[in-house]
Every structure is written in structure tokens, then in C-alpha cells.
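K.L.:
Input: one structure, supplied below.
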Amino acid sequence: MHWAREVHWAREVRGASRGQLSFPLIEAAVGVLLVLGVACGFALGAPHPDGSEKQVSLYASDAATLLAAGTAGNATAFDAGDGGTEETGRTAVREAIDAALPANCMYRATTPWGTVGYPRPPGVTVGTATAPSAAGPITVEVWDA
């Protein structure tokens, strides 16, 4: 009977020397990692698509073409020569571009009637387009806000 006690004691010592994590502790650790992963995903955000330069270039081309099409015959709604002021012409250009571009885009347009829009910030992707018109060239720069 003496040998049976030694075997039982050996099993207890062997089992006690091995550490085991409880299953709820493992579940909690996995849950914390999952929550941190989702939080980091929201904090870092999604990268911009590679086509953003192409997209703002298309926006600029569309806006320049729209403004150039409105100058047929050199008598346009933008022209300040028909009793309007130069500010009226700029306001008309600003309204036309605001209607043509999405809300998340900013622009700077150089026209024969002056320059309208916002100063371009450094380090942004800019799409530029120039369209000929009867009154002179129209250059539009567009970037994501």
C-alpha cells in the first residue's frame, strides 16, 4: 500500500507544477485584442484609393469645360462688360463651379474675369485642367478637402 501513496503523490506534484490558464481568462484576452483591433481600425481609417489623382483631374476637366462652354460668342453670364461688375462675374463663376463639383472638393479657378476659389494647401493631390474659351484660357485646380 505504500507504493500507491507515492504514485498518488507523484500525480499531485506533477499536476501542480504545470500551470494552466482558465478558459474565461483566454476568452477575455481574445476579446480585448478584438476590441483593440477594431478601435485601431477606426483610428487609422481606410487609405485613400489610388485613383484620387485621376478623380480630381476629371473634376477639374469637367469644371473647366463647363466654364468654357458658357463663354460661347464672348458674351456670357460671367462677363462684367454688360453692365455688371467684376465681382458679379466672379460670383457667377463661383456659383457655376460650386454647382459642378461635389461638396468634398475645393478649387481655384483662374479665368479672364479674375481668380476665384481657395488658396491651394501644400501637400495635397491636385487635378488641373485648362480649357480654351472665346474670352481666354480658363484654368481650374481641384483637390479633396
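K.L.:
Over all directions, the average projected area of the alpha-carbon convex hull for segment 89-145 comes to how many nm²?
P.N.:
Computing the convex hull of the Cα atoms and averaging its projections yields 3.8 nm².
K.L.:
While we're on this one: Contour minus end-to-end for residue 134 and residue 34, with contour as 0.36 nm per residue of separation and end-to-end as the Cα-Cα distance?
P.N.:
29.9 nm
K.L.:
Quick one: which residues, 5 or more positions from residue 133 or on another chain, have an amide H under 5 Å from its amide H? H modelled 1.01 Å from N in the peptide plane, none for Pro or chain starts.
P.N.:
Excluding prolines and chain starts, which carry no amide H, the hits are 138.
K.L.:
What number comes out for the charge environment of residue 110, summing +1 per Lys or Arg and -1 per Asp or Glu over other residues with Cβ under 12 Å away?
P.N.:
+2
K.L.:
Then there is this: Add +1 for every Lys or Arg and -1 for every Asp or Glu among the other residues with Cβ under 15 Å from the Cβ of residue 64, and state the total.
P.N.:
The answer is -1.
K.L.:
Okay, moving on. Summing Lys, Arg as +1 and Asp, Glu as -1, what charge do residues with Cβ under 9 Å from the Cβ of residue 125 carry, residue 125 excluded?
P.N.:
Result for the local shell: -2.
K.L.:
Residue 120's amide H: which non-local residues (gap 5+, or another chain) put their own amide H closer than 5 Å, with H modeled 1.01 Å from N in plane and none for Pro or chain starts?
P.N.:
It is none; the list stays empty.
K.L.:
Residues of segment 128-144 with backbone nitrogen within less than 13 Å of a virtual label 7 Å along the Cα-to-Cβ line of residue 104, please, listed as ranges.
P.N.:
Counting only backbone N, you get 143-144.
None of the figures in this text is laboratory data; all of them are computed from the coordinates on show. Predicted model, so just to flag it, every value in this text is computed and none were measured. Here the Cβ is made from the backbone with ideal geometry for all residues, glycine too, and neighbour counts use every protein chain on show.
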